[in-house]
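In what follows, a single structure is set out as structure tokens and then discussed.
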Amino acid sequence: MPTGGDRTPEPASPDLVGSFSDACEAVYGGRMHRNRARASALRADGASLSDAEFAVITPLTETPGLTVGRLAAEVGVSSPTLSRSLSRLEDGGLVVRERVGPSGHRVEVRVTDAGLRAWAQARDRTMARQRQALEMLPPGRRDAVVVALRELAAAIDAADAAGPDGTAPGTPVRPA
């Protein structure tokens, strides 16, 4: 794995790629999803706050009044997809959309108090589950796991930037 500089990543063996894929699927495909489901908070309307809803509300907790286009870019979805999610969140009392500006064409989204409470509950429950998992690791390996996860996130971002065929240049992975 590259650790910095501009060198090209060293190819991994097919066996290592298979093992890596299995490990990623074990973490992301099953365990993390189950833990998020267990940690989900209740929305104002009594339904669970989904991962997608959590992802939509998170940027609004950091920057209130994002436009729909900017929020879509932050979440990584198209504006029509976001609009459908926002309709559900608005119906549940978790966000409000407001037309602003002289022409009223710009729409800003804000999280409501109920949305903020549901988001905070989901965040706190998720962090508690993550703490529980981290504390099950040997103390001497915890920092290394955190560093490896950050490097994995950077590698995934670089692979995404390279595109599906991998022909565009990616960003070298650098230790955190």
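Extent along the principal axes, Cα only, for the stretch 74-136: 55, 25, 19 Å, with the longest axis given first.
Per-residue accessible area (protein heavy atoms, 1.4 Å probe) orders F54, F20 as F20, F54, starting from the largest. For A153 and E62, the difference between the fully extended length at 0.36 nm per residue and the C-alpha to C-alpha distance is 30.7 nm.
The values are calculated or read from the model by the stated rules, or taken from the named source; none is laboratory data. Quick caveat, the model's predicted, so the values are computed rather than measured. We work out accessible area using only protein heavy atoms, side chains counted, and drop any ligands, DNA or RNA first. Shrake-Rupley method; radii C 1.70, N 1.55, O 1.52, S 1.80 Å.
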